[in-house]
1. Quick check: net charge around Glu14, other residues with Cβ under 15 Å of its Cβ, Lys/Arg +1 and Asp/Glu -1?
2. Using only alpha carbon pairs under 8 Å that are at least six residues apart, calculate the relative contact order of the stretch 11-53 and give it in whole percent.
3. Net charge near His51, counting Lys/Arg +1 and Asp/Glu -1 over other residues with Cβ under 10 Å of its Cβ?
4. Between Ala21 and Asn56, take the C-beta separation as r, use R0 = 22 Å, and let me know the FRET efficiency to the nearest 0.05.
Amino acid sequence: MMTTKNRSASIASETLRVESATHPPDDDVWFRVTWSVLDKNGKSGSIRVLHSLSPNPHPVFLQAGQEEQ
């Protein structure tokens, strides 16, 4: 992690990993994305996001100023 005390720290490596769900709960396609970062001072962190996509999306068309219902 870069702070004002260790400004010389910079990213040593990044890893982006995408995994599909093994047992999707419905027709949607579920997947997890994990982004991991290791800095040159040996500190690391990661962010994990669970997301889904629909194989049959239903587009919503809105006119300017109209709210989705």
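Only the coordinates and a few stated rules stand behind these numbers; no lab work does. Just so it is clear, the model here is predicted, and its values are computed rather than measured. Ideal geometry is used to build each Cβ from the backbone, glycine not excepted, and the neighbour counts take in all protein chains shown.
1. Numbers: positive: Arg17, Lys40, Lys43, Arg48; negative: Asp39.
So the surrounding residues net to +3.
2. Working: 77 pairs, mean separation 17.1, N = 43.
Relative contact order for the stretch 11-53 comes out at 40 percent.
3. Values: positive: Arg32; negative: Asp28.
Computed value for this residue: 0.
4. Numbers: r = 18 Å, r/R0 = 0.80.
Efficiency for this residue pair is about 0.80.
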